[in-house]
Amino acid sequence: MFQTLYSYFWWERLWLPANLTWADLEDRDGRVYAKAADLYITLPLAFLFLVVRHLFETYVATPLAGLLNVKEKIRLKATPNPVLEKFYATTTKHPKQADVETLSKKSGCTVRQVERWFRRRRNQDRPSLLKKFREASWRFTFYLLAFIAGMAVIVDKPWFYDLREVWKGYPIQSMLPSQYWYYMIELSFYWSLLFSIASDVKRKDFKEQIIHHVATIILISFSWFANYIRAGTLIMALHDSSDYLLESAKMFNYAGWRNTCNNIFIVFAAVFIITRLVILPFWIMHCTVVYPLDLYPAFFGYYFFNFMMVVLQSLHIFWAYLIIRMAQKFITGKARGGWGACGAKGPDLDVVEDERSDREETDNSEEEEEEVVKNGPLSNGHPVLNNNHRKTD
């Protein structure tokens, strides 16, 4: 049965145009072609990326955070409470008002004490500022190096300037060593992102991120199998062109460099929209949808590749919508006070709210921190006053 499924999976009509077979893509006469077995190396490379990331975050990103004065915000911990903890872990982190009143009776706390406990407990689970900075530093470093490497791979190729050259002689197109390593490194990195996504900083678009990583892995792998390598290198370099700008903006965000972050964000928004909403659909996708039909009839691989491109483009439109909302608030000065797109804190700062961030709740936090300083430690969510009486709500 396994052999039957294997035969169906590698059926030539799924992957190659009519009248072509896998024998046509066997190495000969100095020509080297992509092979499915080449991609096995990406899994151990992905785990190597995780090791390198850990070393980078420990020995590079953490000292850099210290130099940039990245400071953790003081978080008040929730007082241990078995009743509230069980509800938090098994039911919901955001109880409704009726649940709050029920929990108040069960736990012996006031309604306000329960609300404050859940607010602090949620804040405890949120990633620290240092964790965010380290993650952004790692991604910034990779995306920047990948973009430089990608441009080095394609800038001297004729298909970089004339997209019709992408399909010249397809699929009998020899693979270059630079293309091989560019593919292996990019695919390995996205595998590593998928492996680490559960432990990385979670944002509101967590599900979309998973879809993006899976779609990217499938698209890169399929383009390798079907020898869509010229188109694949263009697409990967195009994506890397804006990602490092976003990660650098995040780094300056966490370091508190408000103006620098805002300026980089505007540049990022412009590059993202130009590359993902203009160049990708009107140049690259036009190249992958229209030009191949001049050479051969449409086949399954043609439809599948372009379907995955549509999935990615749909995600780009979703993210562009969020970016435009943020940019609009920034330009019109209608952003509300608080942590913005670049993390500026304070009601007098015209910054943009980060639509993707899971913001830390700060309701009454300033008041509570002042109480800690003035009145000493907290007990059950309330400060003990100097006259040994508890402050009531």
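The values are calculated or read from the model by the stated rules, or taken from the named source; none is laboratory data. This is a predicted model, so every value here is computed, not measured. As a convention, Cβ positions derive from the backbone with ideal geometry for all residues, glycine included, and neighbour counts pool all protein chains shown. What goes into the accessible areas is simple: the full protein's heavy atoms, side chains included, and nothing from ligands, DNA or RNA. Shrake-Rupley method; radii C 1.70, N 1.55, O 1.52, S 1.80 Å.
Could you please state, rounded to a whole Å, how far the C-alpha centre of region 161-226 is from the C-alpha centre of region 264-301?
15
Beyond a 30 Å Cα-Cα separation, which of these cross-linked pairs lie in this structure: LYS73/LYS96; LYS106/LYS202; LYS96/LYS207?
With Cα atoms farther than 30 Å apart: LYS106/LYS202.
Which is farthest toward the positive dipole end of region 82-125 among TRP117, TYR88, ALA98, measuring Cα position about the Cα centre, with Cβ charges +1 (Lys, Arg) and -1 (Asp, Glu)?
TRP117
Net charge near TYR143, counting Lys/Arg +1 and Asp/Glu -1 over other residues with Cβ under 11 Å of its Cβ?
-3
To check my understanding: the extent here is largest minus smallest coordinate of the Cα atoms along each principal axis. What are those three numbers for region 246-323, in Å, largest first?
55, 18, 17
When a/c reaches 1.5 or more, the comparison of a/b and b/c decides; with that in mind, is region 1-131 rounded, prolate or oblate per its Cα gyration tensor?
Oblate is the answer for region 1-131, as a/c is 1.5 or above yet b/c matches or exceeds a/b.
Under a 1.4 angstrom probe, counting protein chains only, how are HIS212, HIS54 ranked by accessible area, largest first?
Per-residue accessible area, sorted high to low, gives HIS54, HIS212.
Taking 0.36 nm per residue of separation and subtracting the Cα-Cα distance, what length does fully extending PHE300 through GLN124 add?
Answer, rounded to one decimal: 58.4 nm.
If you stretched the chain out fully between THR110 and THR260, how much longer would it get, using 0.36 nm times the residue separation minus the C-alpha to C-alpha distance?
Taking THR110 through THR260 to full extension adds about 49.6 nm, to one decimal.
Rounded to the nearest 20 Debye, what is the dipole magnitude of region 64-205 about its Cα centre when Lys and Arg each give +1 and Asp and Glu each give -1 at the C-beta?
About 1200 debye.
Treating only the Cβ of Lys, Arg, Asp and Glu as charged (+1, +1, -1, -1), what charge dipole size does region 181-271 show about its Cα centre? Round to the nearest 20 debye.
220
DSSP loop chymotrypsin sites (Phe, Trp or Tyr not before Pro) in region 92-191 with at most 13 other Cβ atoms within 10 Å of their Cβ, which ones?
TYR161
Rolling a 1.4 angstrom probe over the protein heavy atoms, how many square angstrom per residue are accessible across region 89-147?
Accessible surface, normalised per residue, equals 50 Å².
Semi-axes, largest first, in whole Å: what does sqrt of 5 times each Cα gyration tensor eigenvalue give for region 107-204?
Calculated on Cα positions only, the semi-axes equal 49, 13, 12 Å.
Counting other Cβ atoms within 10 Å of each Cβ, which trypsin sites (Lys or Arg not before Pro) in region 165-211 have at most 16 and sit in a DSSP loop?
Answer by residue number: LYS168, LYS202, ARG203, LYS204.
Any idea what the dipole of region 78-122 comes to, in debye rounded to 20, about its Cα centre with Lys/Arg Cβ at +1 and Asp/Glu Cβ at -1?
160
Per residue, how much accessible area does region 201-334 have with a 1.4 Å probe, in Å²?
42
Sort out for me the Cα centre separation of region 100-127 from region 35-80, rounded to whole Å.
With region 100-127 and region 35-80 each reduced to a Cα centre, they are spaced 32 Å.
For Cα pairs less than 8 Å apart in space and 6+ apart in sequence, what is the mean separation divided by the residue count of region 82-125, i.e. the relative contact order in percent?
40
Bin width 5 Å, origin at 0, all Cα-Cα pairs of region 82-125: what percent of pairs per bin?
The calculated distribution, bin by bin, is 5, 26, 41, 24, 4, 0.
Give me the net charge of ILE229's neighbourhood, meaning all other residues with Cβ under 14 Å from the Cβ of ILE229; Lys, Arg count +1, Asp, Glu -1.
+2
Evaluate the distance, in nm, between pseudo-label points positioned 7 Å from the Cα of LYS96 and of VAL155 along their respective Cα→Cβ axes.
In this crude spin-label approximation the distance works out to 5.9 nm.
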